[in-house]
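Engineer: Right, I'll just put the structure down here and ask away after.
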Amino acid sequence: MDRKQVDDWLVGYERAWRTPGTDTLGTLFTEDASYRQGPYLAPVVGLPAIARMWEEQRDGPDEVFRMTSTVVAVDGDTAVSHHEVRYGDPVTQEYRDLWVMRFADDGRCRSFEEWPFWPDRQPPGVSQP
């Protein structure tokens, strides 16, 4: 994988999130992909389970959100990206997120792990800027 391929995958991910249904997930994830929504959460494994999780997690393809993505690093089949996501207009929820992705030879993701951070969930003793 190179940065352009990862960036193209990220564009496809957002497009799939905004598309009705989950038929396009097979172009993004392998059939046996692992999708972990947080570093300490159990992974969702397999394309059918990922599709169910997507349908449960999103408000629908018309939900209002803005996402910016930046590829941070690519090393062989592994990539890391940084995201800022704001839901609603006006914004009702926002967070920053790191994604660690491992890709199969065909460019589909075989392992996906999020590291989400919300502004109202700071570690004890840490003040917000």
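The values are calculated or read from the model by the stated rules, or taken from the named source; none is laboratory data. This one's a predicted model, so the numbers in the text were calculated from it and none came from an experiment. Heads up, the Cβs are rebuilt from the backbone with ideal geometry, glycines too, and the neighbour counts pull from every protein chain shown.
Engineer: If a residue must be touching a strand residue (DSSP E or B) at 6+ places or on another chain (Cβ under 8 Å) and at pLDDT below 95, how many such residues does segment 18-41 contain?
Structural biologist: Count: 3.
Engineer: Continuing with the same structure: If you scan segment 53-65, which residues turn out to be loosely packed, with under 13 Cβ neighbours inside 10 Å and either basic (Lys, Arg) or more than 21 Å from ARG108 (Cα to Cα) (or both)?
Structural biologist: GLU56, GLN57, ASP59, GLY60, PRO61, ASP62, GLU63, VAL64 - these are the residues of segment 53-65 that are loosely packed, with under 13 Cβ neighbours inside 10 Å and either basic (Lys, Arg) or more than 21 Å from ARG108 (Cα to Cα) (or both).
Engineer: Inspect all residues belonging to segment 85-95 and state whether any of them is within 23 Å of ARG3 (Cβ to Cβ) and loosely packed, with under 11 Cβ neighbours inside 10 Å.
Structural biologist: No - not one qualifying residue is present in segment 85-95.
Engineer: Now a separate question. I need the full set of residues from segment 1-11 which are crowded, with 16+ Cβ neighbours inside 10 Å, modelled with pLDDT of 95 or more and not aromatic (Phe, Trp, Tyr), in order please.
Structural biologist: VAL6, ASP7, LEU10
Engineer: Being under 25 Å from ASP2 (Cβ atoms), out of contact with any strand residue (DSSP E or B) (no Cβ under 6 Å at 6 or more places or on another chain) and not polar (S, T, N, Q) narrows it down to one residue among ARG15, ARG52; which is it?
Structural biologist: ARG15
Engineer: Can you pull out every residue in segment 103-113 that is surrounded by fewer than 17 Cβ atoms within 10 Å (Cβ to Cβ) and under 16 Å from the mean Cα position of the chain (by Cα)? Walk me through it before giving the result.
Structural biologist: Let us first name the residues in segment 103-113 that are surrounded by fewer than 17 Cβ atoms within 10 Å (Cβ to Cβ), namely 104-107.
Selection gives GLY107 alone.
Engineer: Could you list all residues from segment 1-10 that are part of a helix (DSSP H, G or I) and hydrophobic (A, V, I, L, M, F, W, C)?
Structural biologist: First pass over segment 1-10, keeping only residues part of a helix (DSSP H, G or I): 3-10.
VAL6, TRP9, LEU10, listed by residue number.
Engineer: Within segment 27-40, is there a residue that is touching a residue at least 60 places away in the same chain (Cβ under 8 Å), closer than 17 Å to ARG15 by Cβ and in contact with a Gly (Cβ under 7 Å, 6 or more places away or on another chain)?
Structural biologist: Taking every residue of segment 27-40 in turn, at least one turns out to be touching a residue at least 60 places away in the same chain (Cβ under 8 Å), closer than 17 Å to ARG15 by Cβ and in contact with a Gly (Cβ under 7 Å, 6 or more places away or on another chain).
Engineer: Given (1) farther than 22 Å from TRP118 by Cα; (2) in contact with a Phe, Trp or Tyr (Cβ under 8 Å, 6 or more places away or on another chain); (3) not hydroxyl-bearing (Ser, Thr, Tyr), where does ARG3 come up short, assuming only one miss?
Structural biologist: Against the list (1) farther than 22 Å from TRP118 by Cα; (2) in contact with a Phe, Trp or Tyr (Cβ under 8 Å, 6 or more places away or on another chain); (3) not hydroxyl-bearing (Ser, Thr, Tyr), ARG3 comes up short only on (2).
Engineer: Among the acidic types (Asp, Glu) and under 15 Å from the mean Cα position of the chain (by Cα): which single residue out of GLU31, GLU84 fits that description? Outline the logic, then answer.
Structural biologist: Values: GLU31 fails: under 15 Å from the mean Cα position of the chain (by Cα).
Criteria check complete, one pass: GLU84.
Engineer: Also, I was wondering about something else. Check off (1) surrounded by 15 or more Cβ atoms within 10 Å (Cβ to Cβ); (2) among the aliphatic types (A, V, I, L, M); (3) at pLDDT 95 or above for VAL72 and give me the number that stays unchecked.
Structural biologist: With respect to (1) surrounded by 15 or more Cβ atoms within 10 Å (Cβ to Cβ); (2) among the aliphatic types (A, V, I, L, M); (3) at pLDDT 95 or above, VAL72 is out only on (1).
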